[in-house]
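Undergrad: Pasting in a structure now, in structure tokens, and then I'll have a few things to ask.
The values are calculated or read from the model by the stated rules, or taken from the named source; none is laboratory data. On a predicted model such as this, the values are computed, not experimentally measured, just so you know. Here the Cβ positions follow ideal geometry from the backbone for every residue, glycine too, while neighbour counts run over all protein chains shown. The protein model used for the area step is the full one, side chains on, heavy atoms only, and it has no ligands, DNA or RNA in it. Shrake-Rupley method; radii C 1.70, N 1.55, O 1.52, S 1.80 Å.
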Amino acid sequence: MESLHYLFMKTNAVFSRRVLGEVSKIGLTAGQPKVLDFLSGCPEADQKTIAARCEIEPATVGSILLRMEKAGLILRRQREGNRRSLYVSLTDKGRAAARSVEEIFRRAEAPVAEALTGEELEQLKSLLARTCAALEGKTEEGGGSRG
């Protein structure tokens, strides 16, 4: 069997190619699908929060948001009493693009969902969440079960 690091890298590369190939057909570039996905579940967020939640460098998220604003996908505005931060929300066009991205993600995940039982899929998601937490140096609250 391949090494763990190789399997992480290969899985990410295959999934990313699959998603980016499809989102490019609707005019989106790298980084934008993650931002649309995040904002679709959040009415408004500041740039710092978007960068953190989407795992994008703060300097990079600024250029991604600028392109999205020019494309009419998002609005950036200041809140009254807070002139230092810009708050980002989806436009109607952005919400439509987010629905398209959600469908692209669903289609990209479908082969995995079809290859695994429901129980295996839930186990995979749990293992990936624990793996991510471990790589980030976080521990499970309450110790959690390892079985």
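Undergrad: Bins of 10 Å, beginning at zero and ending with the bin holding the largest distance: percent of Cα pairs per bin for segment 1-100, please.
TA: Calculated over all Cα pairs of segment 1-100, the distribution is 15, 44, 27, 11, 3, 0 percent.
Undergrad: Between Gly94, Gly137, Gly62, where does the largest GNM mean-square fluctuation fall for the chain, given springs only between Cα atoms within less than 10 Å?
TA: Gly137
Undergrad: Using R₀ = 22 Å, calculate the FRET efficiency as 1/(1 + (r/R₀)^6) where r is the Cβ-Cβ separation of Ser16 and Glu57; round to 0.05.
TA: Working: r = 17 Å, r/R0 = 0.76.
It comes out at approximately 0.85.
Undergrad: Any idea what the dipole of the chain comes to, in debye rounded to 20, about its Cα centre with Lys/Arg Cβ at +1 and Asp/Glu Cβ at -1?
TA: 720
Undergrad: Skip the ligands, DNA and RNA, and give the accessible area per residue of segment 2-147 with a 1.4 Å probe, whole Å².
TA: Dividing the accessible area of segment 2-147 by its residue count gives 70 Å².
Undergrad: Hey, which of these cross-link pairs are over 27 Å Cα-Cα: Lys25/Lys138; Lys10/Lys138; Lys70/Lys125; Lys10/Lys125; Lys34/Lys138; Lys34/Lys93?
TA: Those over the limit are Lys25/Lys138; Lys70/Lys125.
Undergrad: Please check: in the Gaussian network model of the chain (C-alpha springs, under 10 Å), which one of Leu128, Leu28, Leu39 has the largest mean-square fluctuation.
TA: Result for the chain, Cα springs under 10 Å: Leu128 fluctuates most.
Undergrad: Further question on the same structure: For q values of 0.16, 0.20, 0.22 Å⁻¹, compute log₁₀ I(q)/I(0) with the Debye formula on a Cα-only model of segment 41-133, without solvent.
TA: -0.83, -1.04, -1.12
Undergrad: Per the Kirkwood treatment, what hydrodynamic radius in Å, one decimal, follows for segment 2-53 from the mean inverse distance over all distinct Cα pairs?
TA: 12.7
Undergrad: Only Lys, Arg, Asp and Glu count, each charged at its Cβ (+1, +1, -1, -1), so figure out the dipole size of segment 1-59 about its Cα centre, rounded to 20 debye.
TA: For segment 1-59, the charge dipole is close to 200 debye.
Undergrad: Quick one: pull the percent of accessible area on the chain belonging to carbon and sulfur, 1.4 Å probe, ligands and nucleic acids left out.
TA: Solvent-exposed carbon and sulfur of the chain make up 54 percent of the total.
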